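Presented below is the structure to which this report refers.
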Amino acid sequence: MSWNLDLATILVLLTLASGLIWLYDKIFLAPRRARAKAGLSVHASDASHKEAVQEPFIVDLARSLFPVFLIVLLLRSFLVEPFRIPSGSMMPTLLIGDFILVNKFRYGIRLPVVNSKVIEIGEPQRGDVVVFRYPKDNSTPYIKRVIGLPGDQIEYNQANKMLYINGEPVPQHLVDTYIGEGQGSNMTGHKQRIEYLPGAKHAILINSDRGQKAPFEKWTVPDNEYIVFGDNRDNSRDSRFWGTVPEENLIGKAFFIWMNWDWENGGISFQRIGTPIQ
């Protein structure tokens, strides 16, 4: 198994290093300083006194930073993790520049770095917006919507832009013509539809003039794997191009937009702050 030197790995190493330094000082160095302080002659110089009893800078730094590293590691590994949306593949649900929070425990508790699941909690549901490690490159996080669950028969018809689940068409209805803003302005003119997945509904964008042929059009979803699509159907590299997402690649469920920054749209978009992700 190879480990990527990502933020999780760096946090684990920093927490371990600072904790070991603090522990070593507690067991070995602090008692030595206490003995030196007790045995110092009253005639000892100020310089030698200070050198004998002063706590090393590295120890003071480690003691200060260890709880910070530990708290950040625990929060990021087991509760929530922030991500930024870099592309328009999930428009209109998520815009370029959205900063989102991902629920890390929704699909089970995993150990950081090795990503081994230690506690089963739940499984992805159809319609969930999930963050996962791209199957072709585990160091790259992707975000898409779950379309197919294990055992499903999934088909996507590029001609009419319709999705079929277990032989049944997924209903859609046209909302309006989409008007993009900022870095997403090139999506202006796409058709915005509401798609009614079983048990969930969400908005999608369709480009009627674009007929990009994807390598995959039909799937039988294997056990412990998922089919994911982008909501921007004609501008998303997703399962139609590279296949299924294994369960062990899941990072968590996206649930909240805490900020949006789009320099082409004037900076912060205040109306998106605090928006739940549907």
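The rows are residues; the columns are (1) touching a helix residue (DSSP H, G or I) at 6+ places or on another chain (Cβ under 7 Å); (2) among the aliphatic types (A, V, I, L, M).
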| site | (1), (2) |
| --- | --- |
| V72 | yes, yes |
| E81 | no, no |
| S89 | no, no |
| G97 | yes, no |
| Y107 | no, no |
| L111 | no, yes |
| V114 | no, yes |
Exercise. Please find, within the range 40-79, the residue that is nearest to L11 (Cα to Cα) out of those that are modelled with pLDDT of 85 or more and basic (K, R).
Key: R76
Quiz item: Of V118, V113, which residue is β-branched (V, I, T) and either part of a strand (DSSP E or B) or more than 16 Å from the chain's Cα centre (by Cα) (or both)?
Solution: V118
Practice problem: Out of the residues in the range 172-205 that are of a type in the set (D, E, K, R) and within 22 Å of D128 (Cβ to Cβ), state the one that is nearest to the chain's Cα centre (by Cα). | Solution: K201
Quiz prompt | Conditions (1) more than 27 Å from the chain's Cα centre (by Cα); (2) surrounded by 15 or more Cβ atoms within 10 Å (Cβ to Cβ); (3) of a type outside the set (F, W, Y); (4) on the phi < 0 side of the Ramachandran plot: number failed by K161 | solution = (4)
Quiz prompt | Residue pairs meeting the criteria (Cβ under 8 Å; at least 6 apart or on separate chains; first assigned by TED's automatic domain parsing to the domain that holds P31 and closer than 15 Å to A30 by Cβ, in the range 51-66; second at pLDDT 90 or above and among the acidic types (D, E)) | solution = E55/D25; P56/D25; V59/D25; A62/D25; R63/D25
Practice problem: Among what's in the range 206-226 and is hydrophobic (A, V, I, L, M, F, W, C) and under 24 Å from R133 (Cα atoms), pick the residue that is surrounded by the fewest Cβ atoms within 10 Å (Cβ to Cβ). | Solution: A214
Quiz item: Could we say that I194 is assigned by TED's automatic domain parsing to the domain that holds V175, free of Cβ contacts under 8 Å to residues at least 24 places away in the same chain and of a type outside the set (K, R) here?
Solution: yes
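Give the residue that is farthest from D223 (Cα to Cα), with candidates limited to residues of the range 234-278 that are aliphatic (A, V, I, L, M) and surrounded by fewer than 18 Cβ atoms within 10 Å (Cβ to Cβ).
I268
Would you mind finding the one in P135, P169 that is touching a residue at least 12 places away in the same chain (Cβ under 8 Å) and of a type outside the set (G, A, S)? Talk me through it step by step, then tell me what you get.
Working: P169 fails: touching a residue at least 12 places away in the same chain (Cβ under 8 Å).
Among P135, P169, only P135 is touching a residue at least 12 places away in the same chain (Cβ under 8 Å) and of a type outside the set (G, A, S).
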Quiz item: Does the range 217-230 contain at least one residue that is touching a helix residue (DSSP H, G or I) at 6+ places or on another chain (Cβ under 9 Å), modelled with pLDDT under 95 and either farther than 27 Å from P171 by Cβ or in the same structural domain as I179 (by TED's automatic domain parsing) (or both)?
Solution: yes
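The values are calculated or read from the model by the stated rules, or taken from the named source; none is laboratory data. Keep in mind it's a predicted model, so treat the numbers as computed, not measured. All Cβ positions, even for glycine, are placed from backbone atoms using ideal geometry, and neighbour counts span all protein chains on display.
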